[in-house]
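The values are calculated or read from the model by the stated rules, or taken from the named source; none is laboratory data. Note that this is a predicted model, so its numbers are computed, not measured. So basically every Cβ, Gly included, is an ideal-geometry build from the backbone, and we count neighbours across all protein chains shown.
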Amino acid sequence: MKPERDLLLKSYLKRLRLPTIASNYQKIARESLTGKKDYIDYLSVLMEQEVLNRDANALRHRLSIARFPIIKGLDTFDFSAVEEINQQAVLQLANSDYIERKENIILIGAAGLGKTHLATALGVSACKKGKRVRFYTTAGLINELVESKDNHSFTRLQARLLKFDLVVLDELGYIPFTAGGGELLFQFCSERYERGSLIITTNLEFGGWAEVFGNERMTAALLDRLTHRCHIIQIKGESYRFKESRKRRKK
Ligand code: ADP
Ligand code: MG
């Protein structure tokens, strides 16, 4: 041990912001002495750990910013439990290339078919690819938009939302919006058009959207933009929750 040298080294590592190296360099140095490692091996092991740790921290940060209701992946989604779904298309979307192309995804299906699960899983995959993601319930986003309009921060909120590579809008159609809310949501979606991706989950076929938006022409314009560059995933089958509870009852 050379306390002065270690103190100096630690101060360098601190200035360079290399905390993982600071906590590991002595241990790895001892291991390197016993193994057949040269200086460059030693350096690359240290660097690798710093990079891995930094990536893990960045992912954790992106996941917390995204505010998923629960973190779920595609690995826990049982495709065989769904009567009808384009599995290939879903797996392909998990590579997040659609975000590069600013394309949208619309997941359509009845309650309990795994729409929120899939939207979350695709969002988590995007975080793993380094994308900035934000998950909202549609009602939650409308509330924020309305509030921002009321306190004159709508433009600022729009700008902040545009910084996300992907915004998930969960549950469009369960709660009808006020006319003002529908219009703000329309503005939000129009602003994103060809500038950022959206994933929308809904229980409604497109024919039913005008009713929740309360405006036929605006809805037509919205659907025109949303579906221009869009992957539509239809899910059909029986509610997963319902099936699970039936299984439990049988037992
Ligand atoms: P939806 O949003 O379509 O109403 P959810 O995604 O909330 O449905 O799914 C309801 C519950 O069932 C969740 O806990 C979800 O993880 C689970 N689930 C639904 N479909 C599947 C599936 N195919 N495989 C595994 N879990 C599923
Ligand atoms: Mg849902």
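Brief remarks on what is shown
Residue-by-condition table, conditions (1) within 12 Å of ligand 1 (Cβ to nearest atom); (2) at pLDDT 90 or above; (3) among the basic types (Lys, Arg); (4) surrounded by 13 or more Cβ atoms within 10 Å (Cβ to Cβ):
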site: 192; (1), (2), (3), (4): no, yes, yes, yes
site: 204; (1), (2), (3), (4): no, yes, no, yes
site: 207; (1), (2), (3), (4): no, yes, no, no
site: 222; (1), (2), (3), (4): no, yes, no, yes
site: 236; (1), (2), (3), (4): yes, yes, yes, no
site: 248; (1), (2), (3), (4): no, no, yes, no
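- Restricting segment 209-218 to residues that are closer than 23 Å to residue 116 by Cβ and either away from ligand 2 (no atom under 16 Å from the Cβ) or within 20 Å of the chain's Cα centre (by Cα) (or both), the residue that is surrounded by the most Cβ atoms within 10 Å (Cβ to Cβ) is 213.
Every residue, every condition in (1) closer than 14 Å to residue 66 by Cβ; (2) in contact with a Gly (Cβ under 8 Å, 6 or more places away or on another chain), yes or no:
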residue	(1), (2)
124	yes, yes
129	yes, no
136	yes, no
162	no, yes
173	no, yes
180	no, no
184	no, no
195	no, no
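- The single condition from (1) within 16 Å of ligand 1 (Cβ to nearest atom); (2) part of a helix (DSSP H, G or I); (3) under 25 Å from residue 242 (Cβ atoms) that residue 125 fails is (3).
- Being under 20 Å from residue 235 (Cβ atoms), in contact with a Lys or Arg (Cβ under 6 Å, 6 or more places away or on another chain) and of a type in the set (A, V, I, L, M) is a condition met by at least one residue of segment 119-134.
- Count - residues of segment 87-122 that are among the aliphatic types (A, V, I, L, M) and in a helix (DSSP H, G or I): 9
- Near pairs, Cβ below 7 angstrom, 6+ apart or cross-chain, from segment 166-189 (farther than 27 Å from residue 93 by Cβ) to any residue that is among the polar types (S, T, N, Q): 182/215
- Any hit, segment 159-170, residues being within 18 Å of residue 220 (Cβ to Cβ) and exposed (fewer than 14 other Cβ atoms within 10 Å of the Cβ): no
- Scanning segment 1-39 for residues that are within 16 Å of residue 52 (Cβ to Cβ) and assigned to a helix (DSSP H, G or I) gives 19, 20, 21, 22, 23, 24, 25, 27, 28.
- Residue under evaluation residue 126, criteria (1) within 19 Å of residue 162 (Cα to Cα); (2) touching a helix residue (DSSP H, G or I) at 6+ places or on another chain (Cβ under 7 Å); (3) in contact (Cβ under 8 Å) with a residue 60 or more places away in the chain, criterion not met: (3)
- Any hit, segment 96-105, residues being surrounded by 19 or more Cβ atoms within 10 Å (Cβ to Cβ) and within 16 Å of ligand 1 (Cβ to nearest atom): yes
- Looking across 160, 132, one residue alone is charged (D, E, K, R) and in contact with an Asp or Glu (Cβ under 6 Å, 6 or more places away or on another chain). It is 132.
- Flag if residue 204 is without any contact (Cβ under 8 Å) to a residue 40 or more places away in the chain and of a type in the set (A, V, I, L, M): no
- Matching option when the condition is closer than 27 Å to residue 176 by Cβ and surrounded by fewer than 21 Cβ atoms within 10 Å (Cβ to Cβ), among 116, 137, 120: 137
- Restricted to segment 194-208, and to residues there that are hydroxyl-bearing (Ser, Thr, Tyr) and within 16 Å of residue 111 (Cα to Cα), the residue that is nearest to the chain's Cα centre (by Cα) is 201.
- Leading residue by the ranking (modelled with the lowest pLDDT) among those in segment 66-86 that are aliphatic (A, V, I, L, M) and in a helix (DSSP H, G or I): 81
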